[in-house]
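Rule-based calculations on the coordinates, nothing more; no lab input. Note that the coordinates shown come from a computational prediction; the quantities given were computed from them, not determined experimentally.
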Amino acid sequence: MLEIVSIYSIEYKDIYMDNKKVVIELGNMITSYISSGDWRATDSNSILASKGKYELSLRIMLNMRFRYASENGKPYSPSLTKIIQDIDFVENKYKRITLQKIVAILEKMHEVKRVEVDKKFEGRKLVDAILHIYATSGFSSMMIENNKMTKECARNNFLKQPSLNNEISPLN
């Protein structure tokens, strides 16, 4: 099973243009993640249909954070600094421009119902912000269904494994 930390740092081999489309060749880490069973608990169609590197990273981040969604769930509230670090965002000299770009990317995503921003200032200078990201009800219900299926698959795999009690022997 992959660690969540390794998912955020998406490594890609190459980016090139193909008939007015940007093609991103993914590295071994993300392709092995896609082929693993953990991928079933995410919205793989929208992740693979992402238009850019940052949108792809944000979709994966949201899929992992909203993995334990509920119908009237609470928002995911990361700081701007954490998002910048997690998706390796090329930060602008001014935080407000970086904040505007990230909020614009998030608001275009169909998984996000709305984004609320709490700005943190030192004097007049914006130093950080807390983004409250609310998931749409369709995305939350899809994640709940995927979680049920993942738990059922895990339970079935656990029941198929041989008993560990037979393998343990007392020390003499």
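Structure notes:
- Annotation: lysines with alpha-carbon distance below 25 angstrom to Lys125 (same-chain offsets under eight excluded): Lys82, Lys93, Lys95, Lys101.
- The lysines within cross-link reach of Lys151, meaning a Cα-to-Cα straight distance under 23 Å and a gap of 8 or more places when in the same chain, are Lys74, Lys160.
- Between Asp88 and Lys74, the contour length at 0.36 nm per residue exceeds the Cα-Cα span by 2.5 nm.
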